[in-house]
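None of the figures in this text is laboratory data; all of them are computed from the coordinates on show. In this text, all values refer to a predicted model and were calculated from it rather than measured experimentally. A quick note on method: Cβ atoms are made from the backbone with ideal geometry, for glycine too, and the neighbour counts reach across all protein chains shown.
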Amino acid sequence: MLDPVRLAEAIDLQKRSYALLKWMAEAIPRGFISFETAHEYADSAAAASAWIGEHFDNLPLAARPPSRDEQTLRRFANCFASYLETSFDLEEKPGTRLESHCGCYCPYCTIAVSAPHLRAKRLGRPDKARAEQLERELVGELAVSQEVPIGADAIQSLLADRPLREQAALVAYAHQLLRRCDGAYVGPWILALWRTFAWLPTGSPKQDFELTPATVLDAENALVQRLSSGAD
């Protein structure tokens, strides 16, 4: 089961680190920061941590860690640097076409990515397959924690229910977000998870969706209740 305190911290760091990535991408055409420097910071947690610590007071309040203690700074940098692995490509010579959705952070998922040089990653079949595997594993782990016997076929049957699958994807996403903040490698499959619960099946973002700790914990509780009441 998810720790509410760690979950709240991870979601806050995600919001702040996305804001910093967007701010940096917008700063490139202004000449405030070079593309090479931006790419180095966005691609290396160690470089990002050093740079954020040095320029902490000059960064926008919403685009920097909530404090500059070593642990918070490191976890923020981990999440920030992971964006080029999970959700975006930073292009030196961007085209004129904008991606329609940022795809990875709820307050921005319903608007175009306006920052030059940022382009949402294209998901491949392996990314989607990995996301589906994480959903199945999440349900299996919750079943074990509740001492509910369930087989692979029953898990697959549960996930055929769209609302339940969205809940499983949301909770699996939260676990992957915690891993990002810890510095573990997380690939584009986390973006595939996001689009499972934050987007409509038709391929457009849910206009009223907001990622909050309560949203995730409610989804986790709903899954536990469904498992406890019987998987069939």
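Numbers below:
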| quantity | calculated |
| --- | --- |
| Between the stretch 168-211 and the stretch 39-88, the Cα center-to-center distance that results, in Å | 20 |
| Taking Phe209, Phe88 and counting other C-beta atoms within 10 Å, the order from fewest to most | Phe209, Phe88 |
| Exposure proxy ranking, count of Cβ atoms within 10 Å, fewest first, for Val148, Val186 | Val148, Val186 |
| Residue-span extension gain [Met1 to Glu54] - 0.36 nm each, minus C-alpha spacing | 15.4 nm |
| Stretch gain in nm, segment Ser157-Asn221, where the contour uses 0.36 nm per residue and the Cα spacing is subtracted | 21.1 nm |
| Charge sum, other residues only, whose C-beta stays under 15 Å from Thr72's C-beta, Lys/Arg counted +1 and Asp/Glu -1 | +3 |
| Net +/- balance of residues flanking Cys181 in space, Cβ distance below 11 Å, scoring K and R +1, D and E -1 | +2 |
